[in-house]
Each structure stands twice: as C-alpha cells, then as structure tokens.
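Notes follow once the structure below has been shown.
Throughout, read-outs are computed from the coordinates displayed, never taken from laboratory work. From a predicted model like this one, the values you see are computed outputs, not experimental measurements. Virtual Cβ from ideal backbone geometry, glycine too; neighbours counted across all protein chains shown.
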Amino acid sequence: MMRASLAVLSILVLSLTFGWAWAQDELVLEGVEPALSDTLPPDLIPPAPAAGLTAVDYVDNNDSGNKIDLSWTTSPDDGDGAADVTGYQVWRSETAAGPGDTLAFVAAGQAGYLDETAEPGTPYYYSVTAFDGTNHSDAVSFGPVAGARNWFTATRAAVLVLVSVFFGLVLVFTQLAERGAKLFVRRIPGLNAIEEAVGRATEMGRPVLYVPGIGEIDNIMTIASLTILSHVAKITARYETPLIVPTARAVVMSAAEEVVKEAYAEVGKPDAYNRDNIRYLSDAQFAFAGAVNGIMLREKPAANLYLGAFWAESLLLAETGFEAGAIQVAGTAMVSQLPFFVTACDYTLLGEELYAASAYLSREPKLLGGLKGSDWMKVVTIVLIAAGIIMNLVGADAFVEWFHTS
Amino acid sequence: MLRRRLPLLLCFIAGLFMAVQYYVPHHSVQSAYETLLLWLQTLLAFAFLLGTVSLIRVHYHKIRNKAADRGFSLVMFAGLFAMLGLGFFHPSHHAPGSPFNLMFLNVQVPIEATMFSLLAFYVASAAFRAFRARTLEATLLLVAAAIVMLGRVPIGEMISSTIPEATRWILEVPNLAAKRGIMIGVGLGMMATSLKIILGIERAWMGGGD
C-alpha cells in the first residue's frame, strides 16, 4: 500500500514537472520573434544602376602613368528610392566584351574611385554596378582609356603663361636699363635710413646689429637680406664701424661670412673684417631671440637692422631694441609680422620693398629693370582681376576656371 | 674666374630645374626633385657642424680675452657640453625619463615658453605707443583696434551686436584687401629676385662683384 502510494506520488510529481517544463518551452517559443528571412520572400529586385561613368588619365605630381580617375553618378536607390544600395563594384577589362576582373568595392554614397594599378599605355574598359547585398544592377561602362606618363601639368598652364609674361617684362626693362633708359624709382625712406643709422652708430662709436631673420638659406627673403647685407657691410667697412650679424642657421652664417668678407675687401678694408662678429647663435627660435636681445643689452649697438624672414620673435627683438634706444630699420615679407615692426621700429620696409632694396641701394641698371618689370606686372594683375570680375558677372566662367590650378 | 662662374652656373642649372619641375609631373623629374631636396637636407646637416664650431670659437675668444661678460660664455659651454655628453654617452637618450630628455623638458622647454609668454607684455607696451592718437592715421588705427578688440570678447556683443559685425567687416574687407595687396607685391618681388639670381644678374648674395 505504502509502495503503491509512493509510486503514484512519484508519477504525479514527474508529470507535473514535465508538464510545467513543456509549458515553459511553449512560452519561450511563443516569445521569440521569427527571423525576417523566414518571413520575407528573397530580394529578387536589383537596384537601379549608376550612370554617367567617366574615366580619365589622372595627373598628379609624381606621375607614372598608372592612375585612372573614375567618376559616376550614384544609383537612384543609393540613399533614396529603395535605399537598399550597399556599395558599388568596380570592374576592369582589357576588352570591350566583358566586365573583366573586380577592381574594388566602393561604399554606398561614393561616386568615384582612383585606379592606381593601371599599366601605362594599356587601354582599359571600366564597368560599375550598384549592389544591394544580393543583386547587382546593370553595369554602366566606359572605355577605352589609358594612363600616360605626362610631361606637363595642363592645369598649371595659366601660371606658366603669366610667369613667362612677367619674366619677359623683367628682361625687357633690364635691357632698356642697360641701354641707358632712365627708370624712375620712388623714394623708399626705410632704405635711405640705413645709411643714416650706420652714420649715427659711427658717431656714437657703437656697433651696428644686422639680423637676417631666422629663415633658412632656401628662403628668398634670406637671400634678399644677404644682398642688402652686402651693401650695409660696405658702408660699415668705409666708416670702420663694427658690424654684428647674428644668425639662426648655420648655412646662413657661412653665406653671411662670405658676403661681409667680400664687401670689406671690395672697399679696401679687408683687415677691418672680424670673423667673430658673424655669429651662429641657435636654431631654436626663442633661444635665438634671447641671445640677440643679450647682444643688444650688453654690446649696445646704436643701429639695429632686421631684414629677412621673421616670425613670433619679431616683436621680442624690436621692442628690446626700442627699450635699448637704438635706431631701428626693419623689413620683411611676412605680412603677419609687419604690424609689430611698424609699431616698434623707426622705419619699416613693407613686403616687396625688401626685394627692391638691392636695386635701390646699388642703382645698378640691370637690377632696376627688375623693379620696373614688377611694377608693370602689377598693372597686368590689376587688369586681369578686373577682367575676371567682369567675366564672372557676364557668366563667362571659363576665363576664371582657366586660372584654377591644382 | 672659375671661382665666380662655377657657382653661377650651378645656380642657373639648379634654379632652372626647380622652376621647370613645377610644370612637369613625370615621375623621373619628380624623383630628381626629391633627390635634390635630400641633398639639401644633407648639406644642412653638415653646415650644422660649422655653426657649432662658430659658436665655440666666439665664446672661446671671449673667455680668452677676459671679456666683461665671459660668465655667459662659461654657462654656454656648460650647457653645450652637458647636453652633448648626455646625448652621446647616455643610452636611449630619447627615452622618457632619461637625463637628456629630462634636461630638455625641464630646462629648454620652460625657458622657451617663458620667452614666448613675454610677448604678451611686449604686445601691450608696443600697442600703448601705437595707439596714441597723434595723427589722423594713428587715430584711425586706434578706433579700428578698439572695435576689433571689443568685437572679439563677449562684452562687445553685450554692448551692441553691431560691434562683432563691424569687427568682421574690418578684418575681412579693408584689412584683407591691404594684406592681399602686399602679398601680390611680395609674390612678384620674390619672382623677380629669383629670376635675377638664376640669371646671375643679382650676385651680392654670394659676396658681390663680378
């Protein structure tokens, strides 16, 4: 009896347990969302194709003829319409017949691809299909197109033409000057002040400080500064006034040594040249500024000339020189530094006046020709700017486009 | 004669090549251009030695001649040789925490930052002088500067919404026009100077004379 009761009880418990578990399974199954793929029919509709495929030889600044630039208009289903385009497949073939090999997959929304694996001179046919994850659209094709090793950047033709015109003007006026034509050059007070400043230093028996900027020797402002240094050195040599030239670049120091030594020799004072006055201080911008300020305060030059490429150290130098009571002449083509020099110096050469200094000081006809050429090129530039405005207003954009470079 | 003509010839060839390479994208020309730039880097590295020799010579002469400020020369030598020694003889001198690195970060960098921050005081003292309304031009400068400074801080907007607008106009119309005018002149001046140097018309940069 007892055993039977236990057996019935066991069967009851097992049944209840099994039934509960089965009910739980049912509940769990009922709670699960069926997968989308189980409910939707497969996508059989391909996306709309891309359009307007073009391919052109791509010319960059290291052209090996291996680049073809592809561009197209995206599929109407890319981000719009069915909005199911996931990307584009780019194909390349050497025959017009087939799509050829897959070149790349490009993400949806992009309308171009740069093929950098082309063989120079080999004609290619390109195709692009839109892809929605399942289906490809019809292909849009273009070809043949071949990459070439280019010898001229066509987009820079405008620069070449204008530079040629400018160089032509410079050479014409140089020739005219050599034949004795009188070329008027306006007075530049800053350049006239250089001799006055050196004279004052001589009267006071104090040195002249010439800072050629902190640009490297490949900076044209530094070169222009060295040409002015040559003239300044001749004046200081004549007056036998010490000339201190601190530099921030070792090559500039070497060049400055040659320039000053040569200038002293030219005016017959080679013995007055002191090599220790052409000094390399530091390549570090503010270490250089600190060292030059030290020279101003300890050696007390009566004239400070800052001519060349300057950055943030310009005001540190000019303001210290002002506090030290020196007569100061500055000149730079760094537009952002000009206000500092104008504020702290007695005279400032603005931009192009720095480049005019050599011709102005020497009055050599050949150099004056360059100045006249620059002036006439400014006239050409003004005319072109006016023409550009008019052409843009009348909708002739091709004129302005021609001046765009890349 | 050769001492004069050879540098001029080299200058002409190199200058012409540098001008031409701008228009020629062919990889052979561009490779040659890259090589020339590498040569320049090599040249500059060697020139650095010349600079160091000059620095040592000038300060050695000051100490030998017992110049009044020779103490600074001794400090220069101490700094130069300490950094040279730490750089040459300490292994992994670039590693964080190395003596060379510590000296650079804790001496050189703060000193340079101090020099740079001095600019704020220099700008203030220079501006004080520039803004004295002694002439018509200086008065115009003062008015323009006052508008621009006010337009760049929140109080300008609080006073009147016209001030930031006027600031923008000053910077983008008269200021930009003047800057562009200067830059066109600078560009033409640079090209004219380059042409004169390439053609050997301008020779003062290599010591002058013929």
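Things to note:
- The range A:251-390 - Rg (one decimal) and Dmax (whole number), Cα, Å: 18.4, 63
- Overall dimensions of the range A:51-145 by Cα: Rg and Dmax, Å: 13.4, 42
- Chain A: relative contact order in percent, alpha carbon pairs under 8 Å with at least 6 residues between: 14
- Each Lys or Arg adds one and each Asp or Glu takes one away; over the other residues whose Cβ falls under 15 Å from the Cβ of A:ASP57, this sums to -3.
- Sites A:ALA398 and A:THR117 - FRET efficiency at Förster radius 30 Å, r taken between beta-carbons, to 0.05: 0.30
- Between the range A:361-406 and the range A:258-287, the alpha-carbon center distance in angstrom: 39
- The range A:49-114 and the range B:68-100 have their alpha-carbon centroids 58 Å apart.
- Note on the range A:272-395: dipole from Cβ charges, positive end direction compared against A:PRO365, A:GLY308, A:SER336; the farthest Cα belongs to A:PRO365.
- Computed over the Cα atoms of the protein assembly as shown, pair by distinct pair, the Kirkwood hydrodynamic radius stands at 30.6 angstrom.
- The mean number of partner chain beta-carbon atoms within 10 angstrom of a residue's beta-carbon across peptide B:113-126 is 5.
- Membrane-span-like helices in chain B, defined purely by DSSP H runs whose alpha carbon atoms cover 24 Å or more axially and whose average Kyte-Doolittle hydropathy reaches -1.0, are B:2-21, B:27-64, B:70-89, B:109-130, B:176-198.
- Axial C-alpha extent at least 18 Å, average Kyte-Doolittle at least 1.6 - helices from chain A (DSSP): A:157-178
- Helix-only mean residue ellipticity at 222 nm for chain B, each DSSP H run of n ≥ 4 adding -39500 (n - 2.57), per residue, nearest 500: -25500 deg cm²/dmol
- Going from the residue with the fewest nearby Cβ atoms within 10 Å to the one with the most, A:CYS345, B:CYS11 rank B:CYS11, A:CYS345.
- When both bridge partners sit in the protein assembly as shown, DSSP labels roughly 55% of those beta bridges antiparallel.
- Using a cut-off of 29 Å between Cα atoms, the listed pairs A:LYS269/B:LYS62; B:LYS62/B:LYS196; A:LYS182/A:LYS378; A:LYS234/A:LYS378; A:LYS182/A:LYS234; A:LYS300/B:LYS196 include B:LYS62/B:LYS196; A:LYS234/A:LYS378; A:LYS300/B:LYS196 as exceeding that distance.
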